Structures are given as C-alpha cells and as structure tokens.
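Structure first, then comments.
Read-outs: derived from the displayed coordinates by stated rules, not from any lab. In this text, all values refer to a predicted model and were calculated from it rather than measured experimentally. We place every Cβ from the backbone using ideal geometry, glycine too, and count neighbours over all the protein chains shown.
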C-alpha cells in the first residue's frame, strides 16, 4: 500500500515581515481609496513572515515576463535538487528507485518540464515517467499526492517523487491595484517541497482513498489573466466562503470509506487564508487546534501555494507524527474551484517490527 513519506521543505533566505508589507502598501499606495480596507485584510491574514527568492527591492521591479521566467528557471534549478535529495534520503530510497516524478508549479513555465532537467541532473533513470502539473494552483499539492497514490496503486512496487516549486513573488504585478491584489501582495510566499510516495515500505501516511470535487460555476473565482506582463492573479471576494460547499465533499469522501470526517486523528489542510481554516473547523465540526500545522505554515511562510500541504505534513512529522493506524485527512484547494482530497492512516515501521 502506498505510503506518503516525510516531506523535505525549503524557503528562500530573503524575509519580509507583516510590518514590512504594511509599510510598503502605505508608501506605494498612499492615495488608494481602499487602502485602509486592504491594510486591515492583510493584518487579518495572520501572516507574520514570508520568504522570497530575491531581495524586496528586486521583487518590486518588473523587468518583464521573459526576465522573470528566467529567474524562475534559474532559481528552481539552483534550489530544487537539495530538497529532492533530502526527500529521497528521508524515504530511504535512491533516485534510481523512483518510477515517476510529479512536478507541480503555477508560478513559472518551463518546457521541457523541470522533470526532464531533474532526470538528467540527479541520476534518475531515463525511463522515469514525468507528470508535470501547471494549472491547478494551490490544489496541485493535493493533486500530486493523489496522482502518486493512483500510480502506486496501478504499479504496487513503484515509487513516486512529488516536487512542488512555487515562487509566488515572481508574479507580483505593480499595476494591479484592486483590493484582492493588494491582499495577495501580503499573503503569498515562496517555497519548495518534495516527498516520496513508496509503493512498498516506508513510514508516514498509508494512503487509502482519494477524490476530487469541483464547485460548479466557480471557474472564474481564482484564475490567471495571462498578459504580456505575465500572470495576473485574480481572486474573487467570494473565495473565502467556499468551505461551506466544500465541507460536504470532504464528508462524502470519508463516508465512502466508512469514516467520519469530523472524528479523525489528524488534518493536513491547504491554508489559503485564516477564514478557510476557521470555516472548515466550523463546517467539519472539529476543534481549531486540528489545523495547527496548516496555521503554522500560514503564519511563518504565508500561502506557499501547492507546497502548503507538504509543509503542513512536515510539521506533523516534526511533532513526532501520530499513533500507529491513526486516521487522517489531507486536502488542497485551488482554481476551479477544486478540492483534491485524500484519506490515510499513519504507519509506523517500528510497530511492524516490534
């Protein structure tokens, strides 16, 4: 049975604090008619620090989409291999043991995909399958876990590598002055995460079931407007309220598995913002403490898009994991509006050998 092993996570060295963000908003948009609202919304995110791949002075410039994409490519190639190697080491596998690489990112573009570069650069076999996913946004972390689970179910001896690389700061658009855009300027951060899903062996979450759900007629609530200047992120004000229609989908998936989504041992949830976590606590009828790992990611790193779910899981590992056979839920949310959901039990190898 496929096991999601300990993720490796890395954030860049440049840090911007909540106070920095608020001061930048005040200084760059002093006459904005909705500045007080934007400042209040940024403060309410609870994001204390974020990490970015360039100094803030460079981040605030816009040299054009071509130059920004060059930065994305160079930074990905410089930073991803070390994270991948840590994930392989944590899962106790070699590059040659990997049968498929699932690479998710929505903040830059490469063709061939980063998967091809990794295969050529890190000793993966030339027959390693490649699954690059570029258009699921923040939901792609959950989707990557689910596609890895599917692959290892189809090929029980196989191992899958998941890589999430998000440099949200490279999507900053100085001409986007809507309240939603100003909010996003204080919400998103940069981060890289990787994890191995082992078809056999390994310690972590034994994946048992996954599913997807799309809220009808919401495809324009989270989207990119792609222009000559790059990706312009559009966020509808109705997005924070989407947990009410998504919570039943989580309940339905658990019901199919004979579980109660309100009575599980751990929850690894995409932290798009504090309202998402607050509402999910309400609609799933679980204590706010159940989402402490997701909230910690949001507070320390901001919304790092597809990497959030893997970082929240890394924090569960850092806490010592859960007890053997503990039941849990993982979920990522993103454009569509889409939910990618998974159920699994915590598996400790020590329990099997004791």
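The three principal axes of the Cα atoms in the range 141-183 give end-to-end lengths of 50, 16, 11 Å, sorted in falling order.
What is the chain's relative contact order, in percent, from Cα pairs under 8 angstrom and six or more apart in sequence? Let's see the in-between values first.
Working: 786 pairs, mean separation 91.4, N = 354.
Here the relative contact order equals 26 percent.
Overall shape of the range 124-225 was characterised from the C-alpha gyration tensor. The equivalent ellipsoid obtained from it has semi-axes of 32, 16, 12 Å, in decreasing order.
Which log10 I(q)/I(0) values, to two decimals, does the range 1-101 give at q = 0.18, 0.24 Å⁻¹ under the Debye formula with one point per Cα? So the normalised log intensities work out to -0.99, -1.24.
The label-point distance for residue 74 and residue 14, in a model that sets each label 7 Å from Cα toward Cβ, rounds to 1.2 nm. Annotation: peptides 231-240, 85-94, 6-15, ranked by per-residue average of other Cβ atoms within 10 Å with the highest first, follow the order 6-15, 85-94, 231-240.
Once the convex hull of all Cα atoms in the range 3-198 is built, its volume per residue stands at 116 Å³.
Based on the Kirkwood approach, the hydrodynamic radius assigned to the range 165-256 is 16.6 Å, with every pair of different Cα atoms included.
Please report the orientation-averaged projected area of the range 49-102, defined via the convex hull of its C-alpha atoms, in nm². Don't jump to the answer; show the numbers that get you there.
Numbers: hull surface 22.2 nm².
Here the figure is 5.6 nm², rounded to one decimal.
Peptide packing for 158-164, 248-254 was compared via the average number of neighbouring C-beta atoms within 10 Å per residue; ordered from the highest value, the list is 158-164, 248-254. The packing ranking of peptides 38-44, 301-307, 123-129, highest mean first, is 301-307, 38-44, 123-129, where packing means the average number of other beta carbon atoms within 10 angstrom of each residue. Over all directions, the projected convex hull of the C-alpha atoms in the range 204-348 averages 8.9 nm² in area. Note on residue 324 and residue 1: the extension gain reaches 114.8 nm, defined as 0.36 nm multiplied by sequence separation minus the Cα-Cα distance. The reciprocal of the average 1/r between distinct C-alpha atoms defines the Kirkwood hydrodynamic radius, which for the range 252-338 equals 13.3 Å.
Under the definition of Cα pairs under 8 Å and six or more residues apart, what whole-number percent is the relative contact order of the range 204-348? It comes to 36 percent, rounded to a whole number. The C-alpha atoms of the chain occupy a region whose extents along the principal axes are 65, 47, 36 Å, arranged from largest to smallest.
For the range 1-122, the relative contact order is 33 percent, taking Cα pairs closer than 8 Å that sit 6 or more residues apart in sequence and dividing their mean separation by the residue count.
For the chain, the mean residue ellipticity at 222 nm estimated from helices alone is -11500 deg cm²/dmol, where every DSSP H run of n ≥ 4 contributes -39500 (n - 2.57) and the total is divided by all residues, rounded to the nearest 500.
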